[in-house]
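FYI, it's all coordinate maths here, none of it is from the lab. A quick note: this is a predicted structure, and the numbers were derived from the prediction, not measured. Methodologically, a virtual Cβ is constructed for each residue, glycine included, from the backbone with ideal geometry; neighbour enumeration extends over all protein chains shown.
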């Protein structure tokens, strides 16, 4: 029977792959007055997610298991909804990113809890890094709307 941690890590790997593709789609299709800033920021985000994809796949391999590796596998195991291939404005992009970051934060928090139960310290430590990173990104994305309030 597959370890629940490996299943959860492969699900997380799937989420990251779809999130990566979504961010890249937004990078290509963003429009509006802040195009230049957003275009660069989205590239920064998807580059970071790409590193996480590699880290998680290699972590699964270090556990002696096989990471998922096909787009079909990812689509079958993700909680992240794909982005439509169409022009999109800043507000909708950030609403979706905030939602997806919340999903990823919940996922890594659950993986950390299970890793702690199983004394899988390396997995738990890796999830700590992601928890901190997603919390910071959520805070930063939410700050974007603060200036619009009177």
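Things worth noting here:
- Restricting the stretch 35-54 to residues that are in contact with a helix residue (DSSP H, G or I) (Cβ under 7 Å, 6 or more places away or on another chain) and either in contact (Cβ under 8 Å) with a residue 24 or more places away in the chain or more than 30 Å from residue 87 (Cβ to Cβ) (or both) leaves a set whose member that is surrounded by the fewest Cβ atoms within 10 Å (Cβ to Cβ) is 50.
- Taking the criterion of being closer than 22 Å to residue 44 by Cβ and either exposed (fewer than 12 other Cβ atoms within 10 Å of the Cβ) or over 16 Å from the mean Cα position of the chain (by Cα) (or both), the residues of the stretch 64-97 that qualify are 85, 87, 88, 89, 90, 91, 92.
- Condition met for residue 106 (outside any helix (DSSP H, G or I) and free of Cβ contacts under 8 Å to residues at least 24 places away in the same chain): no
- When the stretch 7-21 is filtered for residues that are over 16 Å from residue 98 (Cα atoms) and in contact with a helix residue (DSSP H, G or I) (Cβ under 6 Å, 6 or more places away or on another chain), the ones remaining, listed by number, are 8, 9, 11, 12, 13, 14, 17.
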